[in-house]
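Notes follow the structure.
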Amino acid sequence: MSDRQDEPVRVQVPGEASAQLLSAVGGEPADTRGQISWATFEWARNPYVILITIYIFAPYFSSHVVGDPVRGQAIWGNINAIGGFVIALLGPLLGAIADSGGRRKPWIVSFVAIMAFATFSMWFALPMDGGIGILGAALLVIIANVAFEFSAVFHNSMLPYVAPHNRVAGLSGLGLALGNLSSLLILIFMLIAFMLPGVVDWSFVPEIAMFGLDVSAFENSRISGPIAALWMVLFSLPLILFTPDSAPSGANAKDAVRNGLKSVVRTVKGLKHYRNVALYLFARMFYNDGKTAVLVFGGVYAAGVFQWGPLTLTIYGVVLSIFAVAGGFLGGWLDNTFGSRNAILISIGGTSLGLLLAVSMTPNEIFFVPYDTVGAEPIWSLPFFATVPEMAYVSVVILIAVFITAAYANSRTMLARIAPPEKMSEFFGLYALSGTATAFLGPLLVGVATALSESQRVGFGSVLILLVGGMALMLFVKEERAELAAEDRRD
């Protein structure tokens, strides 16, 4: 394995005129099909986030399974906090076990199976604490959330092994773009098949919800679980079949766990030897919490300020997903053009600007300037985005969607470029930890700021503190590959 990982490595095969790039960590990379199959896993996973945690199942659970939106939001927050604690506790350990055992795909298959079962079973969460009830639904969401993040640890850690150095950024961006594209297609399908029937008289919209679902029983919301589960299983197959895995290390399961535990303890203690990586993970902890809060509360702000209902919020998700696809490609271009660190600064800066513009919108204001609504006519006859302030809000949130997606791609690539290859999965476990260990911080900040100011605008805008704080820390991060510490070389 090459000691120098910051430059592409070429091996000249005798008798061949061309040279083949090695992977970013020095081994043989996957072929084109294997690399694209790696990116396709994002296509499989992302609809879970869109359907379950943001636009459809989450509000259904809060408003109808619980039956009280305020209590439901509190329970939903606790669900995510519990899942975040489990991820923070076990993420680095699982990454270290993978480094010790070598192979990643068996873990991915296991977590996909767990996630698919839990997600499919959400169909049985009936209104007013019926079916599996609040507790059962909460348990399923916790299990699915944890499996989702754990699958990401192993999937992300495969990136530098399957792609050459000069393709890492582009492949990461492709994965994010495919994930957002699949989310877009799922939302469009949900809209046409289950949300619009009976609301609009359009030729391509069925008269009743597809499959004969009973909308009055919220089956059009509950179906999001089975759809996300089946989609994930189907489109995980290319990764399983065509993307090569690392060779097994020869360690049995018991040794892998024992070595993994030791490795995690050493990694946490040894972060002082990887100060640049540690600083990056610390910076990401802040700006990632900010990005997550923007995603979670963007719809909440719009629903409260503009009085948007489920149909409008679903269309809102469709619009953002369209432009988020471009964000994945933008992230890859920014990374290749300016480097990972500068790409992150641009992406988070764009997100911050978008957030500032978003909170400048209310039904009576545009960019903090009063807007006279007296006598104002709807801009069209459609039952959504009918006013100028609403359209202005959607326009600036599109900017947020593009830059947040780019930031996700840039962040993953940054770690792949600065972590020591020998501890890649372990550091991706810490990467997952940095993304979840303080997941409460954004919601807490928004909640406190909203309560103190009695203003949704001030509460939502407070997320700028996290975004700007993360950007400030990133100024001190260097984009250079960390060498394996001497203590780790001896082990």
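The values are calculated or read from the model by the stated rules, or taken from the named source; none is laboratory data. Nothing here was measured: the structure is a model prediction, and the numbers come from that model. Ideal geometry is used to build each Cβ from the backbone, glycine not excepted, and the neighbour counts take in all protein chains shown.
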Review point. Condition test on residue 143, is it surrounded by fewer than 23 Cβ atoms within 10 Å (Cβ to Cβ), modelled with pLDDT of 85 or more and not charged (D, E, K, R)?
Key: yes
Exercise for review: Inspect all residues belonging to region 72-85 and state whether any of them is closer than 21 Å to residue 150 by Cβ, modelled with pLDDT of 90 or more, crowded, with 18+ Cβ neighbours inside 10 Å and not basic (Lys, Arg).
Suggested key: no
**Study point:** Candidates 204, 194 - the one that is without any contact (Cβ under 8 Å) to a residue 24 or more places away in the chain and either surrounded by 22 or more Cβ atoms within 10 Å (Cβ to Cβ) or more than 30 Å from the chain's Cα centre (by Cα) (or both)
**Key:** 204
Point to revise | Tabulated pairs, region 326-349, first surrounded by fewer than 24 Cβ atoms within 10 Å (Cβ to Cβ), second assigned to a helix (DSSP H, G or I) and of a type outside the set (A, V, I, L, M, F, W, C), C-beta under 7 angstrom, 6+ apart or interchain | key: 329/173; 336/170
Check your understanding: Are any of the residues in region 462-479 over 27 Å from residue 246 (Cβ atoms), modelled with pLDDT under 75, in contact with a helix residue (DSSP H, G or I) (Cβ under 6 Å, 6 or more places away or on another chain) and hydroxyl-bearing (Ser, Thr, Tyr)?
Key -> no
